[in-house]
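Report on the structure given below.
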């Protein structure tokens, strides 16, 4: 009998694929304890995001990194929508 197609099947396949591409796989509660202070409501791992912004943009001054961080972490800001989904305006016309 075939294994039922559930969320965990998709999750395991995605983790295997991402692991094969070189991404590190971590257990969620471990991340919550170490980077979220045990708060699952904090979706963005702020330290990782700031480090990644700095690593990906080595020539951008700290003020620019902080501006990018604010735009990415404030979902109510119109700039976030256009930054993440640049063509979304055409869908709402």
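The values are calculated or read from the model by the stated rules, or taken from the named source; none is laboratory data. This structure is a prediction, so every number in the text was calculated from the model and none was measured. Methodologically, a virtual Cβ is constructed for each residue, glycine included, from the backbone with ideal geometry; neighbour enumeration extends over all protein chains shown.
Assorted remarks:
- In summary, helices (runs of 4 or more DSSP H) completely within segment 1-76 and bearing 2 or more residues that are at negative phi and modelled with pLDDT of 90 or more occur at 7-20, 46-56, 62-73.
- Close pairs (7 angstrom Cβ cut-off, 6 or more residues apart or separate chains): farther than 18 Å from residue 3 by Cα in segment 13-27, modelled with pLDDT under 95 and surrounded by 10 or more Cβ atoms within 10 Å (Cβ to Cβ) anywhere: 25/15; 25/18; 25/19
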